[in-house]
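J.: Got a structure for you, written out below as C-alpha cells; questions coming shortly.
Taken together, the values in this text are just the output of simple stated rules run on the coordinates, not laboratory data. Quick caveat: nothing in here was measured; it's all calculated off a predicted structure. Every residue, glycine among them, receives a Cβ derived from its backbone with ideal geometry; neighbour counts consider all protein chains shown.
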Amino acid sequence: MRISVDGLLVYFPYEYIYPEQYAYMLELKRTFDAKGHCLLEMPSGTGKTTTLLSLIVAYIMENPHIVRKLIYCSRTVPEIEKVIAELKHLMNYYEKQTGVMPNITGLVLSSRKNMCIHSEVSKERDGKIVDAKCYGMTASYVRDRAATDDSVPICQYFEGFQAEGKETTLPPGVYSIDDMKEFGRERNWCPYFMSRFAINQAHVVVYSYHYLLDPKIAEVVSKELARESVVVCDEAHNIDNVCVDSMSVKINRRLIEKSTTGVHTLEKYVAEMKDDDRRRLNDEYLRLVQGLKDAAMQRETDMVLANPALPSEILKEVVPGNIRNADHFLSFLKRFIEYIKSRLRVQHVVQESPAGFLKDIQQKVCIERKPLRFCAERLSSLLRTLEITDLTEFGPLTV
C-alpha cells in the first residue's frame, strides 16, 4: 500500500492500515519536520513497529539531509530480531513495488556472546567469560606476541577483519544477528567488530538501550554516531529502569572477597615482573606521568575495562602521583576495598550523598576524590602492562 502522509510518500507493506497507524505516522512526520521530541502511545497489537519503520525509512529516503540514520533501541534480543524482520519485510515490499531494492543498510549490534563465531569462544554461555576470552585473543599486546610466536592463540576472524574489513563497506541490505554471523564466516571477518565498525555507515541500527544510555558502553560504541539521527526507544517506560541499572552498583561480601583475591594476584604478577622485566613497569610509570592520552587508542579492542563515566576529561589529565607506581596503586586498592568492607558491616540502612561518601572515605582511610576518578583507567593500564589475557578473575575489581 502506498499512502501520502502530510505530503510524504510512504510504502506500507500490508493491504490494510488502522486509523491509529495513520495518526501515528502523521504525528511522527510533524515531529521530524519540527526537529523535536515526540512521545506516542499505541494499543498493543496495532503494528507500532511496522508503522514506525515505514514512516522513518520513507523520511530518510526523501530527506537524507535532515535525517541520516535511525537508531532503534529495544530491550531484548527477541524484540531486536523482530524489528529486523519487519525491516526486511519492508525492504522486500519496496523492491516488489519499485523493482529496485532500496540503497538502505540495516543491522543489529549485540554482545560478543550473541555474535561470536569462534569455534571455542562461542561455546561459552557466560557473557563475561566470552568477553574475557575475546580480549585474550584480540588485545594489542597478544597480537604483537603472536607475530613472533605461532603458539600464541589469536582470533582468525578478528585478524581477517583488521586486514580487509575496515577497507570494505557493508553491502546494502538488512542484517540480523544470524545474517551477520553468516557474512562473517563467508568473509572470515568477526561479526561483532564488523557490526561496531559498520554502524557509522548504516542507515538503520537496532540495538539494546544500554548501547545508548550506559556511559561505559556508549562512550565506546555510540559516541561517533551522526547527530542527524532519529532515536526510537521502544517500550519507553523501561528507560528509567535501564538508567538506574546502568548507574547502579550492587556490592556484597562475595564480590569483596573476589576483589581482594584479584588484588593479591596482581601483586604476584607485579613482583614477578620486577624480577623479569622491570623496564615495562618503568615505561608504564613514565606514560602515566604524561597522562592517559594513549588510552583512547587502546580501546578499539582493549575496551573491556573502559572508564565508567568521564573518560574525555580524565584522558587529558595527569594521573595522580600516589597511584602511578604499581605497588602504590595496589595498596590504594586494598585500602579502598577494606573501607567498603567496613561499610558492609553496618546493620541498618544508610542513605548518603556522593559528597558525604567522599568526605567519609577521606576521613577514615585518607583516600581523596581525585585518585578515585582515575582508578578504572589506571587498572586497565596495569593489566595491559602485565599483559594479562584472562581477565575473568579481575572482573569484580571493575564493578
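J.: If I take R0 = 45 Å and measure r between the Cβ atoms of residue 122 and residue 355 in this structure, what FRET efficiency does the formula 1/(1 + (r/R0)^6) give, to the nearest 0.05? Before the final figure, lay out each step's value.
T.: Values: r = 46 Å, r/R0 = 1.01.
Efficiency computed from Cβ-Cβ geometry: 0.50.
J.: Sticking with this structure for a sec: For the chain, set up a GNM with springs between Cα atoms under 10 Å and report which of 251, 154, 104 has the largest fluctuation.
T.: Of 251, 154, 104, the Gaussian network model singles out 251 as fluctuating most.
J.: Quick check on my link table: of 268/334; 82/133; 48/88, which ones sit more than 18 Å apart, alpha carbon to alpha carbon?
T.: 82/133
J.: Once you place label points 7 Å from the Cα toward the Cβ at residue 231 and residue 31, how far apart are they in nm?
T.: About 1.3 nm separates the two model spin labels.
J.: While we're looking at this one, here's another question. Which value at 222 nm does the chain reach when only helices count, each DSSP H run of 4 or more adding -39,500 (n - 2.57), with the total divided by all residues and rounded to the nearest 500 deg cm²/dmol?
T.: -16500 deg cm²/dmol
J.: Continuing with the same structure: For the chain, what does the alpha-carbon gyration tensor say about shape, rounded, prolate or oblate, given a ≥ b ≥ c as the root eigenvalues, a/c under 1.5 as rounded, and a/b over b/c as prolate?
T.: prolate
J.: Continuing with this model, one more query. Rounded to whole Hz and in sequence order, give me ³J(HN,Hα) for the range 269-281 from the Karplus expression 6.51 cos²θ - 1.76 cosθ + 1.60, θ = phi - 60°, writing x for Gly and Pro.
T.: Couplings: 4, 5, 4, 5, 5, 4, 7, 9, 8, 5, 4, 5, 5 Hz.
J.: Please name whichever of 397, 221, 140 sits farthest to the positive end of the charge dipole of the chain, dipole taken about the Cα centre and charges placed at Cβ: Lys and Arg +1, Asp and Glu -1.
T.: Value computed over the given set: 397.
J.: Just list whichever of 35/113; 123/181; 35/223; 113/223 have alpha carbons separated by over 26 Å in the model shown.
T.: 35/113
J.: Once the other residues with Cβ under 14 Å from the Cβ of residue 271 are scored (Lys, Arg +1; Asp, Glu -1), what is the net sum?
T.: For residues surrounding residue 271, the net value is -2.
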